[in-house]
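The values are calculated or read from the model by the stated rules, or taken from the named source; none is laboratory data. Bear in mind that the values here come from a model prediction, so they are computed numbers and not experimental data. Cβ coordinates were reconstructed from backbone atoms using ideal geometry, including for glycine residues, and neighbour counts include every protein chain displayed. Each accessible area value is taken on the protein alone, full model and side chains, heavy atoms only, with ligands, DNA and RNA left out. Shrake-Rupley method; radii C 1.70, N 1.55, O 1.52, S 1.80 Å.
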Amino acid sequence: MYHAKFQIWVGRLQQVFPVTHRYKCSATKAILSDPAILTLDVAYITDSRNTHKIDKLIQSRKGKGDIHLVQKLWKEYNEETIEKMKSKKYEKFMLEACKIPNQAHSVLDSYGIEPKIVKFINDKRKFDFQPRDFADLCQKCDLLKTEFLGFLAGHKSYIIKDSLAELEQALIQRTCDELLKKGFSLISVPDFLPYHVIEGCGMDIKAERGQVYTLDPSLHGDLCLSGTSEMAIAGFLSNQVLNVDELPLKLAAVSRCYRAEISSSFDERGIYRVHQFTKVEMFGVTKNDISQSEALLQEFVDIQSELSASYGIHCQLLDMPLHELGAPAYRKFDIEAWMPGRNMFGEISSSSNCTDFQARRLNIKYESGEDTYFCHTVNGTACAVPRMLIALLETFQNRYADTINIPEVLWPYMNYQKLLTPPVFPLKMRYIKSW
């Protein structure tokens, strides 16, 4: 159970989102069908002087979107004189324009395809024995089950047991504690979200090999399983007008994350890449000012670095190149942890400045004086549990005993337990076929 202070009450919600907020358009479809409402940066997208720059940006970001088609549709829309046809042409234009990725920081043009290493965090542990990988450690300590679960939850499912499950909760609770100290407000959000919220955050739900689980539309309408609480928080803020005095707004949520992505890579075996996992997410909103959203992005990166450093794991902070940004990010930083049992770095957190990309698609604004402006949004992983568990167990394993040292900062959250050990009375199960 979470500590009582992790609960968010109606009174707190009223402090974070006072009654001065005004709700705007209720649906993305309504925005698309109304030529008077242009939520995208149409002036930038349709300016022929930007065509080459945008086309180069698209090709660098895995070829999503067609700026030439977008500008052609914009010309056709402006030349159309019949009102009914004009609306249809506008909707076609907007559907294609939404596929154009965000602008990117100019420094990334010089990176090529490799990320820039910003810094290393903690020294790499030196072993006087061959370190075992996470799966082997968990098997010896009887802490994890990944086999024979197809009947329960399908491929890439897992069950965390005993003290490893306690460690999972300790990571979540300590992360929330640290975020509360840094001025975040906790919010609990749904896992089911409508299509337009997912797409407004920059995900393509129609991709042939996408990451999004969609529910049967004949039974549940246009609902998906959320891949991260970033989407639900952004959806919660959609169609709202915030007061400028509330910015920057910093929210955090603990949620299950659902990803349909698959991998056959040996390096991504076990619980490294799974279909569902628990994550603590940070989400921030600033004024439409790149200096402010970049400052909040740096704050998120600093929090991630501090948390990683406090656990004693060896990490590297990376400034990611263009092809790793996805559609919504203006700039993105990753932290990778060294996983000695796998002999590789693995991503454990990511932070992105999405500027006004998501705010324009979800209609998130703030009010300053008599005018309203689109916000900037920033998001970042505070703790992705499975990969953090891998890094911790592989880093702090012991040579002879089937035990793993627990980082000292987590002792208060583990009833001052200092070692992960096999259960005294392990639960042994044997599966039988039923005919």
| note | With every protein chain kept in place and a 1.4 Å probe, the residues 229, 87 fall, from largest accessible area down, as 87, 229
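Packing-wise, with mean Cβ within 10 Å as the measure, how do 99-107, 412-420, 167-175 rank, highest first? Show your work: numbers first, answer last.
On the way: 99-107: 17.3, 412-420: 14.9, 167-175: 20.7.
Ranking, from highest mean packing down: 167-175, 99-107, 412-420.
Run the accessible area of the stretch 63-148 with a 1.4 Å probe and give the carbon-and-sulfur part as a rounded percent.
Here carbon and sulfur together make up 51 percent of the probe-accessible area.
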| query | What does the charge count near residue 189 come to, summing +1 for each Lys or Arg and -1 for each Asp or Glu among other residues with Cβ under 14 Å from its Cβ? | reply | -1
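Past 23 Å, Cα to Cα: identify those pairs from 62/99; 250/287; 250/332; 62/116; 62/89, in the order given. Intermediate values should be presented prior to the final figure.
Numbers: 62/99 12 Å; 250/287 13 Å; 250/332 18 Å; 62/116 19 Å; 62/89 27 Å.
Result: 62/89 exceed 23 Å.
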| message | Apply the Karplus curve 6.51 cos²θ - 1.76 cosθ + 1.60, θ = phi - 60°, to the phi angles in the stretch 115-127 and return the couplings in whole Hz, x for Gly and Pro. | response | x, 9, 6, 7, 6, 9, 10, 6, 7, 6, 5, 9, 9
| message | Need the full-extension length gain, residue 76 to residue 401, defined as separation in residues times 0.36 nm minus the C-alpha distance. One decimal, nm. | response | 109.8 nm
| Carbon/sulfur fraction of accessible area - the stretch 195-354, other protein chains in place, 1.4 Å, % | 49
